[in-house]
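Working notes, structure below.
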Amino acid sequence: MGANDAATAAQTMAADRHLYRITGGEPLRGAVQVSGAKNSVTKLLVATLLTDQPCTLTRVPRIVEVQIVLDMLAELGTEVEWLDEHTVRVCTPHVSNPSLSEAYSGVNRIPILMMGPLLHRVGESVVPLPGGCKIGKRPVDFHLAGLRAMGAEIVEQLRSVKVKALKLKAAHIELPFPSVGATENLLLAAVLAQGTTVIANAAVEPEVIDLIMFLQQMGALVDVRVDRTIVIQGVTKLRGARHAPVPDRIEAASFAAAAVATNGRVEVIGAVQEHLATFLNHLRKLGGDFEVTERGLLFHRAGELRATHVQTDVHPGCMTDWQQPLTVLLTQANGASVIHETIYEDRFGYTRQLGEMGANIILSTDCLGGKPCRFASRDFEHSAVVLGATPLSGCDLEIPDLRAGFAYLLAALVADGESTIRGTRYVERGYEDPVGKLTSIGANVSVMPIPGG
């Protein structure tokens, strides 16, 4: 893939192809299949760079984000073959190009994770600086500090990072915060490094564990201890493997919230209770309920929706990506609810458009309803008070980021009247066939061409 092809691929995430028109007020009923987790699949694809043998991933969602990562791999020399609709085989016998085009700068956070694998394969690389949703600064300092500790020479440039190392060596790394991305980056670097690497205060999200399971199948030696410590004994070579990524717990929670918000009854096929435990507790507290079925989890209301307190945290706490659908749900709950966001400093921007629909949401720079977090006294609006229940009315919405995207779809499904939603590229970046899945359970959603587009 040349630079022009890379630019074209990257631009697919920068332009809308259509808008959605949703008429709300109808309960959702039926069953919907949850896809493989985007936040796992994309990292598993990066891990395949660690071997020259073929790797096969099943349950891969056909979404923009996955295609972008496959395009990145192809630029590096990876051979990509779809075996069926959701099974892809990738193989990188040789890294033909050790550097990614700067056209991928700001597209997502995947390139920064490729540094370790490329150092192991060719000893050097240039990768563009990451981007993704506009939800906070999300710096890569932890990533670079960890790689430097393992012997990498790093030169930070305006839009990219240049890395070089004859051989990465083991290190003891304590993360200042249990960052998922930094943990994954260091895992990918440590599995083929010389010696035993220790990552203290590591992230242990299901997607991180899924990456570890895949690496273990490839021949890696990784030990996850009970105190957020991950110990990696470096090996000399990894082999190909076949793996089914974990189901997407964010998508599962999104459809669960849609069922409860619309007073419907939806079975989410493939949803895993263990991965959703904290979300399920919050859902019960606010008046929703669930049942375990042979195929997944069935969601519905248990009675009147009522106010509650939500505080996001690292796993096993309440996932930050569950905050947005829970917020929409709480606009329909009686009383004053408090939401305290402790992962990202700027993740409530989407609530302003919810206010235009009739939601009563007040943002605060204080750490409301819980322990002080790292954003205390730093003037970030990272807490919200949701006063309900308030009826929502359909309106024109512009999606600002991926997770806010489904929150807007959910709000439109609850609202009285019709809503027109732009920025649909953000939803399609992370949700497979959102319109098809929603319409299959009774949602009134249509795809419309962009006027003048």
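The values are calculated or read from the model by the stated rules, or taken from the named source; none is laboratory data. Quick caveat, the model's predicted, so the values are computed rather than measured. Neighbour counts are summed over all protein chains in view; Cβ atoms, including those assigned to glycine, are modelled from backbone coordinates with ideal geometry.
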In this structure, does LEU397 turn out to be surrounded by 15 or more Cβ atoms within 10 Å (Cβ to Cβ) and in contact (Cβ under 8 Å) with a residue 40 or more places away in the chain?
yes
Would you call VAL127 free of Cβ contacts under 8 Å to residues at least 40 places away in the same chain and buried (at least 18 other Cβ atoms within 10 Å of the Cβ)?
yes
Quick test of your reading of the structure: GLU124 fulfils all but one of (1) over 19 Å from ALA47 (Cβ atoms); (2) out of contact with any helix residue (DSSP H, G or I) (no Cβ under 8 Å at 6 or more places or on another chain); (3) modelled with pLDDT of 90 or more. Name the failing condition by number.
(2)
Of all residues in the range 2-55 being buried (at least 17 other Cβ atoms within 10 Å of the Cβ) and modelled with pLDDT under 80, which is nearest to ALA261 (Cα to Cα)?
MET13
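Please report, ordered by residue number, the strands (runs of 3 or more DSSP E) entirely within the range 230-319 with at least 1 residues that are over 21 Å from VAL32 (Cα atoms) and assigned by TED's automatic domain parsing to the domain that holds ILE199.
On the way: elements: 230-233, 265-269, 288-292, 296-301, 309-311.
Strands (runs of 3 or more DSSP E) meeting the threshold: 230-233.
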Residues of the range 169-189 that turn out to be in contact (Cβ under 8 Å) with a residue 60 or more places away in the chain, in contact with a helix residue (DSSP H, G or I) (Cβ under 9 Å, 6 or more places away or on another chain) and outside any helix (DSSP H, G or I), as a count
2
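Only one of ALA190, ALA200 is in contact with a Ser or Thr (Cβ under 6 Å, 6 or more places away or on another chain) and closer than 24 Å to THR51 by Cβ; which? If you could, list the steps in order and put the result at the bottom.
Details: ALA200 fails: closer than 24 Å to THR51 by Cβ.
Going through ALA190, ALA200 in turn, just one is in contact with a Ser or Thr (Cβ under 6 Å, 6 or more places away or on another chain) and closer than 24 Å to THR51 by Cβ: ALA190.
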Hey, among the residues in the range 343-380 that are farther than 28 Å from LEU413 by Cα and of a type in the set (S, T, N, Q), which one's modelled with the highest pLDDT?
THR365
Scanning the range 84-112 for residues that are within 22 Å of the chain's Cα centre (by Cα) and of a type in the set (Ser, Thr, Tyr), the one modelled with the highest pLDDT turns out to be THR87
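I'd like to check which strands (runs of 3 or more DSSP E) are fully inside the range 18-97 and have at least 2 residues that are closer than 20 Å to LYS237 by Cα. Steps first, please.
On the way: elements: 19-23, 29-33, 55-57, 79-84, 87-91.
In the range 18-97, the matching strands (runs of 3 or more DSSP E) lie at 55-57, 87-91.
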For LEU158, the lone unmet condition from (1) part of a helix (DSSP H, G or I); (2) of a type in the set (A, V, I, L, M); (3) more than 21 Å from ALA200 (Cβ to Cβ) is (1)
Count of the range 132-175 residues which are at pLDDT 95 or above and among the acidic types (Asp, Glu)
2
Candidate set from the range 363-392 (those that are over 15 Å from ILE343 (Cβ atoms) and of a type in the set (S, T, N, Q)); member that is surrounded by the most Cβ atoms within 10 Å (Cβ to Cβ)
THR390
Looking at the range 225-235, can you tell me whether even one residue there is of a type in the set (D, E, K, R) and surrounded by 15 or more Cβ atoms within 10 Å (Cβ to Cβ)?
yes
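Would you mention how many residues in the range 378-413 are on the phi < 0 side of the Ramachandran plot and part of a loop (DSSP other than H, G, I, E, B)?
Of the range 378-413, the ones on the phi < 0 side of the Ramachandran plot are 378, 380-413.
Next, only the ones that are part of a loop (DSSP other than H, G, I, E, B) stay: 378, 380-382, 389-392, 394-395, 399-401.
Matching residues across the range 378-413 total 13.
Could you tell me which of the residues PHE255, PHE299, PHE279 is in contact with a strand residue (DSSP E or B) (Cβ under 8 Å, 6 or more places away or on another chain), aromatic (Phe, Trp, Tyr) and in contact (Cβ under 8 Å) with a residue 60 or more places away in the chain? Break it down stepwise before answering.
Numbers: PHE299 fails: in contact (Cβ under 8 Å) with a residue 60 or more places away in the chain; PHE279 fails: in contact (Cβ under 8 Å) with a residue 60 or more places away in the chain.
Unique residue meeting the criteria: PHE255.
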